[in-house]
Amino acid sequence: MAIHDDIPPPYSMVGTHGVFPRASHDERARFNFLANLNKHVAGTLGPGNKLAWEKRAQPKFVAEQGRAPADRFEVRRAMNADPYHRFWSALKRNNMEMRQQNGRSIVLRQLDDLDERARLASGNGDGLELDPAITIPRYQTAVDTHCMPGSYFGEERPGDVSAGANYDCGIFVTTGGGMGALSDGGGQAIAKWAHAARPGWQPRRILDIGVTVGHSAVPMAQAFPDAEVIAIDTAAPVLRYGHARARSLGADNIRFVQANGEDLSRWADGHFDWVQTTMFLHETSGQALPRIIAEAARVLAPGGLMLHLEQPQYDDTMPLFEQFMRDWDAFNNNEPFWSAMHAYDMHDVLAAAGLPRDSQFEAKVRAVVDETIFPPSVEGDAEDFGRAAVWHAYGAWKPA
Ligand SMILES: C[S@@+](CC[C@H](N)C(=O)[O-])C[C@H]1O[C@@H](n2cnc3c(N)ncnc32)[C@H](O)[C@@H]1O
């Protein structure tokens, strides 16, 4: 297999920073296939589930039970017996497993080189603070989150960047390319949203909890170059990689700190002007989430912004079938807290942390995508796998 790092986009793994894994022609072809299969499974085959529900599984349930399903779990049990859904679900799961295998095989064969490039990009290590004494929370060790072997914190050998490199290159498949060349469309969108929400606002200190490799934190740091961004995570390999990635992208105003969002005691009350989480809370737990929000509210300065990007919560207005479909990751993709978390009333959670309802808001945040790299699909876009991912934001401006 020859190495062809110069293959241009579109539909390619586009590594545009100094520690991105180098892929051969065949590896790229596999990732491109998997990204497009992912879009096909969601966008073209996904609607077949609704048909199977309406024409087959739901009438069967009603005939047997003499009533409509009461919740998303009853819909799931009925659909788990349906042949179309079983086929679709197996294909989706298999696609994720193939994405992990491909990412891991790309990364592991060049791990020496990746570790060396990360070491060089990290320079003297200024801005990377690891804590070998940290305890990885049980909700992280209990499963390989979204089927990543070793999850975020696993190492092939001590001190490596394998988990970060696999996460960074494979997210192209997971998002169907919807987050742009650097997979940072979410972070760009957050920064754009903040500029529009409060023009001229200059936060001095920003805390990003659950940073992983910095897909969101780096564009935030670049959009607010005078701010100091503290990016925390419990997992060392993603922090090592994230630090090197940020430095190779020229983002020098971020510090990557190994710390648990449940305990921010090293920072004083009101230390940050902005506390951010992005697709993070659903990977915690029922006990951890309120602790994290309470700590985040404590370290937030009066007048500061708390913002959490997630998928929409399940409420009474969301049909049970949609709740069931959105629950797929909880039961098939090692995201055990997903289902429970999306049933929370996030307004209550924020209010319990001292952010009253009249200080809260909800917003839609659409990923910013480079259209020259990801042109519109000729087949049209599905809800979650269109060119641009869309998140639901829950936030509050802390009363002054
Ligand atoms: C889905 S990823 C977040 C993605 C990231 N925010 C982004 O925008 O690209 C979840 C991350 O949270 C980290 N994590 C999980 N529990 C944590 C905790 N209690 N404190 C800090 N980080 C945690 C995991 O190690 C993982 O890197």
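The values are calculated or read from the model by the stated rules, or taken from the named source; none is laboratory data. None of these values were measured; they are calculated from a predicted model. Here the Cβ positions follow ideal geometry from the backbone for every residue, glycine too, while neighbour counts run over all protein chains shown. To get the accessible areas, we keep the full protein, side chains included, count just its heavy atoms, and leave off ligands, DNA and RNA. Shrake-Rupley method; radii C 1.70, N 1.55, O 1.52, S 1.80 Å.
Across the stretch 218-240, the number of residues qualifying as over 19 Å from G159 (Cβ atoms) and either away from the ligand (no atom under 13 Å from the Cβ) or in contact with a strand residue (DSSP E or B) (Cβ under 8 Å, 6 or more places away or on another chain) (or both) comes to 14.
Close contacts from the stretch 16-31, counting a first residue that is within 16 Å of L120 (Cα to Cα) and a second that is of a type in the set (V, I, T) and open to solvent by less than 20 Å² (accessible area, probe 1.4 Å), with Cβ to Cβ under 8 Å and a gap of 6+ residues or different chains, come to V19/V161; P21/I106; P21/V107. Within the stretch 268-281, can you find the residues that are surrounded by fewer than 21 Cβ atoms within 10 Å (Cβ to Cβ) and either within 10 Å of the ligand (Cβ to nearest atom) or in a helix (DSSP H, G or I) (or both)? Hit for the stretch 268-281 is M279, nothing else. Considering the conditions (1) open to solvent by less than 50 Å² (accessible area, probe 1.4 Å); (2) more than 22 Å from the chain's Cα centre (by Cα); (3) polar (S, T, N, Q), S285 is excluded by exactly one of them, (2). Pairing residues of the stretch 131-145 that are under 17 Å from D329 (Cα atoms) with residues that are open to solvent by less than 60 Å² (accessible area, probe 1.4 Å) and more than 10 Å from the ligand (Cβ to nearest atom), at Cβ distances under 6 Å and at least 6 apart in sequence or on separate chains, gives V143/N334; D144/N334; T145/N334.
Results for (1) at pLDDT 95 or above; (2) within 21 Å of A363 (Cβ to Cβ); (3) assigned by TED's automatic domain parsing to the domain that holds A244; (4) not aliphatic (A, V, I, L, M), shown as yes or no for each residue.
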site	(1), (2), (3), (4)
P132	yes, no, no, yes
P137	yes, no, no, yes
Y152	yes, no, no, yes
D160	yes, no, no, yes
A163	yes, no, no, no
G186	no, yes, yes, yes
Q202	yes, yes, yes, yes
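Matching residues to (1) farther than 25 Å from R366 by Cα; (2) in contact with a helix residue (DSSP H, G or I) (Cβ under 8 Å, 6 or more places away or on another chain):
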{"residue": "D273", "(1), (2)": "no, no"}
{"residue": "T278", "(1), (2)": "no, yes"}
{"residue": "E283", "(1), (2)": "no, yes"}
{"residue": "A288", "(1), (2)": "yes, yes"}
{"residue": "I293", "(1), (2)": "no, yes"}
{"residue": "P302", "(1), (2)": "yes, no"}
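The set of residues in the stretch 221-267 being open to solvent by 10 Å² or more (accessible area, probe 1.4 Å) and of a type in the set (D, E, K, R) consists of D226, E228, D233, R240, R247, D252, R255, E262, D263, R266. Inspect the stretch 236-252 for any residue being within 19 Å of the chain's Cα centre (by Cα), part of a loop (DSSP other than H, G, I, E, B), under 22 Å from S183 (Cα atoms) and touching a residue at least 40 places away in the same chain (Cβ under 8 Å) and give the result as yes or no. No: zero hits.
Here is a check on your reading of the model: is R28 at pLDDT below 95, out of contact with any helix residue (DSSP H, G or I) (no Cβ under 6 Å at 6 or more places or on another chain) and part of a loop (DSSP other than H, G, I, E, B)? Taking the combined requirement at face value, the residue does not satisfy it. Taking the criterion of being touching a His at 6+ places or on another chain (Cβ under 9 Å), away from the ligand (no atom under 12 Å from the Cβ) and closer than 23 Å to A197 by Cβ, would at least one residue in the stretch 255-265 satisfy it? Within the stretch 255-265, not a single residue is touching a His at 6+ places or on another chain (Cβ under 9 Å), away from the ligand (no atom under 12 Å from the Cβ) and closer than 23 Å to A197 by Cβ. Only one of the numbered conditions (1) touching a residue at least 40 places away in the same chain (Cβ under 8 Å); (2) surrounded by fewer than 17 Cβ atoms within 10 Å (Cβ to Cβ); (3) outside any helix (DSSP H, G or I) is violated by R67, and that is (1). Can Y344 be described as hydroxyl-bearing (S, T, Y) and within 16 Å of F280 (Cβ to Cβ)? Spelling it out, Y344 is indeed hydroxyl-bearing (S, T, Y) and within 16 Å of F280 (Cβ to Cβ). Restricted to the stretch 98-116, and to residues there that are of a type in the set (D, E, K, R) and in contact with a helix residue (DSSP H, G or I) (Cβ under 7 Å, 6 or more places away or on another chain), the residue that is farthest from the ligand (Cβ to nearest atom) is R104.
Scanning the stretch 255-284 for residues being more than 20 Å from P399 (Cβ to Cβ), among the charged types (D, E, K, R) and free of Cβ contacts under 8 Å to residues at least 60 places away in the same chain gives a total of 2.
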